[in-house]
Structure formats: C-alpha cells, structure tokens
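The values are calculated or read from the model by the stated rules, or taken from the named source; none is laboratory data. Values in this document were obtained by computation on a predicted structure and should not be read as measured data. Positions of Cβ are backbone-derived with ideal geometry, glycine not excepted, and every protein chain shown enters the neighbour counts.
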Amino acid sequence: MIKKNDIITTEIEEITGQGSGIAKIDGMAVFVPQTAVGDKINAHILKVKKNYAFAKVESIITPSENRIQPDCECYSKCGGCVFRHIAYEEELKIKQRRVFDALTRIGGLHDFDMGEIIGCKSPNSYRNKAQMPVGRDNDGSVITGFFAPHSHRIVKTDSCALQLDEFNAIIRVVKNWITENNISVYDETTHKGLVRHIYLRRSAEGAQIMVCLIINGKNLPNTDTLTEKLILANKNITSIILNINTNNTNVILGNKCITIYGSDTISDTLCGLKFNISPLSFYQVNRDQTERLYALAAEYAELTGSELLIDLYCGAGTIGLSMADKVKSLIGVEIVPEAIQNAKENAKTNGIHNAEFICADAEAAAKLLAKRRTRPDVVIIDPPRKGCAPSVIDSICEMSPSRVVYVSCDPETLARDLKLFDEKGYKTEKVTPVDMFPRTGHVETVVLMSRVEGK
C-alpha cells in the first residue's frame, strides 16, 4: 500500500482534461501534474486518500513521445498552462476526448455527429488582454506576475507566452515608474498600498492599446510622467485609465474608471462589426478564434433571414449581433446592466435596428418570454461555467424553438444540460469543440440541438 513520501517508479497511462497525468499504483489512481501519457517517472507521493492519491514528478526516466520542453520560466509555478509540456497536436486530442467522454458518460448521449476540434493557428501570443498583480519581493523590489494556484503569492514574471509580446515592454515601463516615484503597491495581507494590478488591452490590428492601473485609492500621483513614459514606449497607446478598487476582494476591477489620457475606450472589429471596449466591458481575449466559434454557431443555427433569434446570456451582445443581419429580429438577455448598455451601444454603433436587449436573469427572462408566448425559431445559449439552471431549460423548451445552439465553456455541465434537453425532446445533432485558450485546461464546445416533432 502506498503512503506519503514514497518514491515509486511508474508510467503515466492517462491524462485528465485539466492536465494531470494518471498512473495506476497498487490499483489506485495517482494524479501527477506536468506529465504526459507514456512518461516513465519516479513519482513522489504527496497525499493519499481512500481511493486515489496525488504525487509530483521526482524525475523523468523515459519521456513520452508527446512531451516537449516547456518554453516558460514560470510554467511549473503559476498553474495557467497545464499543457505547456505537451505537443499542441496532442493537447487538441486530449480536449476532443474530454468533450466526447463527458457527453457519452455524463450525458448518456451517443447518436450525434462529433466534429474535429478547431485548433488555434498559434498556441502562443493570442491573448489581447493582460491582467497582472503588482507586489514586492523579499528584497522590496517591485514585481509583477500571476498568483500561484489557490494563493495570493505572486509568481514573478514580466511576461507570459499567452499574451502579446507588445505588453511586456509596457509592463516594464509601469514597474520602473512605480520604483522611480516610490509608489506603494498593494499588499494582499494588510490590504494596504496603492497599485493593485496592471491591466492591458489591445485591438486586433494593434492600432489601439489601453493601459489601465487598478488602484486602492481615489487618485495616483505623478501620472503626467507615467503618461509621458508610456507614450514614448509605444505610440499605439490611445487610452490610459485608472480603475478604483478599494474593496477587500478577489475581484480585480472596481466599478469606477477615471481616464487620465486619451479615450475612455478602444475599438476593435469582430465578425465585421465594430465594438468599443472599456476596462469594464466583457470582450473575448482570443479574437481570431472567437470569429471561428461564432461562424460555427451561425452555421449550426441555419439562419435564413426570417427567424426570431433569442440570445440568452448575451453579455455585450457580440454573438447575437454577429448574426443580426441573418435574422428578422434578435432578442438578447443578460443580467449585468453594464453589459446590456454595452450591447445597446454596440447595436447603435453598427447600425443594427432589429435587436432588443433585456436586462434580466436568464431564468426570469426565459420565463417572461415563454409567458409572452414568444416563439423563437432559434435560441442561442452561452452560459457561465455552471451551465443552465433546470428552470431555464424548461422555459426554453416551453418556447419550443426549432433549434437550440449551446456554446459551452465546461464539458461536464454541458453534458448534464444536454441530457435534460434530450429528456424534453431536443436531440443533440452536432458537437464541435473549439480551442479558444490553448495551453490551458479550458475548452469551448458548440452544440446544435433540434426539436424532435411529437415530443
């Protein structure tokens, strides 16, 4: 029987969707992060439960053919890129298998068309947004990086392979300015200090960059010199903003923004539409892959121009507005008031006049629309990770759309929800995973469900 601190030679036989290898030792599943199927390793047992255990790699005896050399200094510490040690082609297979396994095992679904996962053209430098906490190391020097998993300890780095290279120089400018001007930085233990996070956004063509500092106060000294240094460092910076967050919270952004240079927003194009993005706006971090996902969702929706389309969990309206020219009318629903305001502004900016947006919880809105006897032809749902409440599914089915397109960010809750839809007469027809966030454990999935007549 294995016990804590044992060093055991074993081979990795499987890998989870979150990137942990699985070895079988004495009939027990042992989870070992940062491994690949086929790795022969010496595993250091860290914790033993009744039916499973956790271990770390003590040494690699024979590497898997799918193992590659990680190209990031903090990969093993920050917890973001769970697949950075595995070839990208193998990562895509793991994500494809995760979706299929969830739908068949959890959802009990079998008779559906499974499309091949849509991979990203490049697994690096795809994020158009960066959010880095600011702190000090043991020597008192200003550092940026990422919080280690399940902690507020900053893993020190000035860069991230997933982020745009252009961000790295900007982060260094801000760090140097903080040091030169003796600006205090936020301490997660005492909740004192001024600068909490550096937050950057860039439009697709790189023509506009937003620099936002999240501060634990009402103002920031010496912003004139900061502005000068930033503009000198990058001519594409068109917006410099302070975001006020004085709350003792894990939430990065506060509700108030103060523009100290340039515009309140930057603009980007997505699916041929223009979107104005503020620090508080939700906007997809991987624009190119988002366009592929939306195109797939539109293909599954089979729109002809005569439909009423309902977009539940619509956020700032991007997915519904991208299809507005293909439908007779669009109704978007979102619980966040600021997102609904963004959606209305985005419709106006793009001259879209056939869209209505309702600020309400998806459950309440679905019930309201069903009570109105609204009969949509197609419903698109893009819920949070927890999926849909059963009452939302009930209300969607009560409206009796011909098709439901489900955009999911969690295969397991997706499978649970598809099972409920199936029981109510909506058959899962097509499923295609989309890798929106390469190197991480996340995978998106687009699903087409069709109403079965007579049920």
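Just a few scattered comments:
- Pick from region 195-237, criterion among the hydroxyl-bearing types (S, T, Y) and not in a loop (DSSP other than H, G, I, E, B), ranking: surrounded by the fewest Cβ atoms within 10 Å (Cβ to Cβ): T225
- Pairing each residue of region 76-104 that is in contact (Cβ under 8 Å) with a residue 24 or more places away in the chain with any residue that is of a type in the set (A, V, I, L, M, F, W, C) and part of a helix (DSSP H, G or I), provided the two are 6+ apart or on different chains, yields C-beta distances under 7 Å for A102/L414; A102/A415; L103/A415; L103/L418.
- Here region 238-251 is the region considered, the condition is being surrounded by 15 or more Cβ atoms within 10 Å (Cβ to Cβ) and either polar (S, T, N, Q) or touching a residue at least 40 places away in the same chain (Cβ under 8 Å) (or both), and the residue that is farthest from V211 (Cα to Cα) is N245.
- Selection of region 366-380 for residues being more than 11 Å from D311 (Cα to Cα) and under 32 Å from the mean Cα position of the chain (by Cα) yields K367, L368, L369, A370, T374, R375, D377.
- Conditions (1) surrounded by 14 or more Cβ atoms within 10 Å (Cβ to Cβ); (2) within 21 Å of S76 (Cα to Cα); (3) not small (G, A, S); number of the one not met by D101: (2)
A quick yes/no check of all residues on (1) surrounded by fewer than 16 Cβ atoms within 10 Å (Cβ to Cβ); (2) assigned by TED's automatic domain parsing to the domain that holds E334; (3) more than 15 Å from I331 (Cα to Cα):
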| site | (1), (2), (3) |
| --- | --- |
| F357 | no, yes, no |
| A364 | yes, yes, no |
| D382 | no, yes, no |
| A389 | yes, yes, yes |
| V392 | no, yes, yes |
| I396 | no, yes, no |
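- Checked against (1) of a type in the set (A, V, I, L, M); (2) assigned to a strand (DSSP E or B); (3) more than 25 Å from the chain's Cα centre (by Cα), I240 passes all but a single condition, namely (3).
- Region 285-325, residues that are of a type in the set (D, E, K, R), without any contact (Cβ under 8 Å) to a residue 40 or more places away in the chain and touching a strand residue (DSSP E or B) at 6+ places or on another chain (Cβ under 8 Å): E291
- Of residues in region 106-156 being among the hydroxyl-bearing types (S, T, Y) and touching a strand residue (DSSP E or B) at 6+ places or on another chain (Cβ under 8 Å), the one nearest to R416 (Cα to Cα): S125
- Region 421-455, subset aliphatic (A, V, I, L, M) and crowded, with 17+ Cβ neighbours inside 10 Å, residue nearest to N286 (Cα to Cα): M436
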